[in-house]
Amino acid sequence: MESLSVLRLYCATALLKALLVRAPYSTDLLVHMHWKDLTTRYPVRLWYTAATGPPYLDYPPLFAYLEWLLGQLAHWLAIPLEPKAGHVLVITLAFMRFTVIVLDAVLFLGMRPWSSLAERRLVSSSPATRASEQMLWVVSHPALWFIDHVHFQYNGLVLGAVLYSLGALFAETLAEQRRMPLSRWRRWRACAAFLLALGLKHTTALSIAPIVMLCLWQQQIWKDGAVVAFGLCWLLLMLGVPFGGIDWRALYARLFPLKERGLLHAYWAPNAYALLAAVDKIAVRLWSLIQARLVWLTSPSFGVSSGRASQPRSRISNSAGLVETAGGGFALFPEWTPQLAAICTLVAMGPSLIALMRLFREQRDHAGPGATRSTSRQQTQSLRRGYECLSPASAQTALSMFLFGWHVHEKALILPTFLTGLALGPRHPVAALLSTACSLAMFPLVSAPAMRLVRLALILWHWLYFAPLPIWPQSRSWLMVYCYDAIGLLLSEVVTFWRGWQRLGYPFMPLLLQSTYSALAVVFTWGYLSAQLWRQMVAEPRIVPSKSIVTTGHSTALVWSESGAS
């Protein structure tokens with residue numbers, strides 16, 4: 001996309017986001033106000049200690065410096081950062097909202113490398129995906145608007161840094177496959193963007209860290225001393241070493257509070273553990289009904305002494321809205337540990353990591369100085385497979401972290417959703433399925449009655465505008481997948497609107513249904529991406545590629561047509 005078009009799109013979305021300034025906000029806005037205030041009032045060495053008082057700062061140092069900078073700007077503009085009589089002043093609310101809107105420019109910059117790849121047809125398996133369509137799909141996504149511009153957070157800033165890092169690394173990796181000269185400046189920018197994301201929100205950056213490490217290893221980054229030195233200096237800068245003495249033990253305890261936070265988040269993020277918790281709840285409920293029936297059968301009228309059924313041992317319920325439920329609070333399944341969650345995550349990442357390692361090994365085998373005509377053809381086919389492997393692998397890796405990570409939040413699903421849409425195309429039915437599931441997962445965070453119509457309008461517009469039906473007309477199975485989204489939208493609105501759950505004694509039931517329904521879509525997407533990567537990994541290319549011209553609308557693209565198994 002041209003820079004002028006990107007600027008116009010940014011201004012248009014900024015105007016729409018400005019309409020949400022007076023939208024109901026969450027306590028996260030008060031938390032960020034407090035962090036801006038404490039970073040300006042306390043020295044750096046006390047930022048991560050108990051001296052600042054709750055809510056404690058639990059983001060990496062670079063984000064703390066950003067809060068300090070915005071806090072200094074607020075003091076310079078004479079904007080109060082403390083609530084008055086329990087309410088946030090309008091001027092303070094507007095300042096906080098506009099900081100998010102301005103920093104969203106990083107997300108637009110982060111999409112530039114992906115736009116270049118899309119224009120050259122190097123990413124996205126969708127038959128008619130344009131760079132402008134990809135960018136519009138990302139920057140207008142309802143889930144990001146819900147979490148950043150209503151609930152209030154700064155995810156657009158972090159996601160922009162992550163996407164820029166991956167896009168630049170993919171472009172460099174593909175340039176190496178084509179035996180083109182590598183750009184040291186592009187490497188620097190990719191490494192700087194990843195370390196920037198790591199310093200802003202470590203959990204988001206760590207979800208794609210294995211892919212970044214493999215790409216850098218393939219490029220033999222350790223042989224470029226200037227890039228390595230730049231990376232180390234930039235890392236020290238991100239950690240804030242030049243700015244003062246941070247208590248590193250306190251910093252580690254705040255960034256990885258494994259003892260204070262349990263397996264499940266209070267709202268049950270739609271991952272594998274939400275499905276386990278739902279099955280556990282159903283099993284416990286059925287067992288209690290069976291026990292009640294057995295107690296009735298063994299009553300004195302049947303000649304047996306009466307007694308109450310044995311009660312399960314006391315534990316904190318994982319549906320109590322608490323984050324301290326250590327191992328998940330399961331009654332049927334064993335207690336989970338952070339170590340077990342890490343093992344499950346690494347195993348789930350296996351298809352993408354193995355596929356990338358095999359792909360890179362094939363490229364090294366075919367890139368020798370004595371390559372013959374046949375090996376040159378194999379290298380061309382390996383390049384084509386590389387186009388189709390890098391983006392799905394990053395999406396599958398991020399989804400694995402979300403599915404099996406420890407204490408995952410709903411917002412962590414946004415990055416895998418973006419990567420899936422960039423890999424498959426925004427109009428692919430699987431990408432549409434995950435996109436709607438991601439938006440539905442954010443509904444509990446924007447549950448105010450005043451936002452019901454707004455959230456429904458945003459998600460319906462996005463769902464209908466990027467509908468995959470014109471693109472995939474021949475496959476009725478994909479139509480069924482897309483209809484799953486419509487059922488989810490209807491179910492979510494009906495379930496959350498009905499107020500009878502409280503009277504029945506099931507106040508957590510709407511959240512349970514929303515979470516498990518979205519979790520099924522997430523698991524399906526993870527399985528689809530894993531299967532795609534596995535098929536690419538076991539495929540034995542024995543093809544002579546030939547060029548053909550494909551015309552789509554007003555655009556013409558050069559693609560590879562192949563005969564044989566791939």
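No value in this document is a laboratory result; all are computed from the given coordinates. As the structure is a prediction and not an experimental result, all values here were calculated from the model. Virtual Cβ from ideal backbone geometry, glycine too; neighbours counted across all protein chains shown.
For the peptides 101-110, 392-401, the ranking by mean Cβ contacts within 10 Å, running from highest to lowest, is 392-401, 101-110. Computed extension length for E260-K223: 9.1 nm, one decimal, from 0.36 nm per residue of separation with the Cα-Cα distance subtracted.
A straight chain from E2 to T40 at 0.36 nm per residue would run longer than the Cα-Cα distance by 9.7 nm.
When only Cα pairs below 8 angstrom with a gap of at least 6 residues are kept, the stretch 404-472 shows a relative contact order of 36 percent.
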